[in-house]
Amino acid sequence: MNFQQLKDALPDWARDIRLNLGTLMSEPCLTEQQRSGAFIAAAVATRHPGLIAAITAEFSSSLGMEAADAARAAATIMAMNNVYYRSTHALDGDYPRLPAKLRMTVIAKPGVEKADFELWCLAVSAINGCAKCTESHEGVVRAAGLTQEQVQAAIRIAATVNAAATALSASAPLSSTRFEAAA
């Protein structure tokens, strides 16, 4: 499935999501690398195989292998960190002050510009609902010179990609039921 087929697969009740995906593909306040990486990282964070495949196919060529891998790494490391930090900050006690003792070297050496990687981590953290990580990564990208509009654009991409995964998942049982009924 390519990106256009992905958008076409969204049901009519998810028309807003389809239109938002199209608009965000050319989000002007992000560089091509920032935008493409945000799409890939967000898609990986949704864990929807069809969405991951379509978005990776669409945006990998504009990134190159190293940057595409960095976007996947951002989603993967945040899958761990968001669970860990969201949990330790929700518990009573000194858990947030204890060392995490989790390997996270990819954050220090992501293979792309640090600000871009951190922007992708922020987008994934928004999907995963970790306020502490979202806040932390926002601070890093803002200190690196990114604007509030760029932060918002990455979050808009994450929100829309996440909504696309939800719509595709919600419509899948209907599609298979219609197919079986037609057979």
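Values as computed for the structure displayed
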| read-out | value |
| --- | --- |
| The chain: Cys lacking any partner C-beta under 4.7 angstrom | Cys29, Cys121 |
| For Lys101, Lys109, order by how many other beta-carbon atoms lie within 10 Å, fewest first | Lys101, Lys109 |
| Label point 7 Å beyond Cα of Thr31 along Cβ direction - residues of region 115-143 with amide nitrogen under 18 Å | 115-123, 138, 140-143 |
| Cα-Cα separations in region 3-182 greater than 21 Å, expressed as whole percent | 49 percent |
| 10 °C / 1.306 mPa s Stokes-Einstein diffusion coefficient of region 46-125, Kirkwood radius on C-alpha pairs, µm²/s | 114 µm²/s |
| FRET efficiency for Lys132 and Thr166, using Cβ-Cβ distance with R0 set to 22 Å, rounded to 0.05 | 0.35 |
| Distance from region 80-117 to region 27-42 (C-alpha centre basis), Å | 23 Å |
| 11 Å beta-carbon shell around Ala153, net charge (K/R +1, D/E -1) | 0 |
| Relative contact order for region 3-182, counting Cα pairs under 8 Å that sit 6 or more residues apart, in percent | 31 percent |
| Region 19-88: trypsin sites (Lys or Arg not before Pro) in DSSP loop, at most 14 other beta carbons within 10 Å | Arg47 |
| Contour minus Cα-Cα distance for Arg142 and Ser61 (0.36 nm per residue) | 26.4 nm |
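Just so you know, all these numbers are worked out from the coordinates, no wet-lab data involved. Keep in mind it's a predicted model, so treat the numbers as computed, not measured. So basically every Cβ, Gly included, is an ideal-geometry build from the backbone, and we count neighbours across all protein chains shown.
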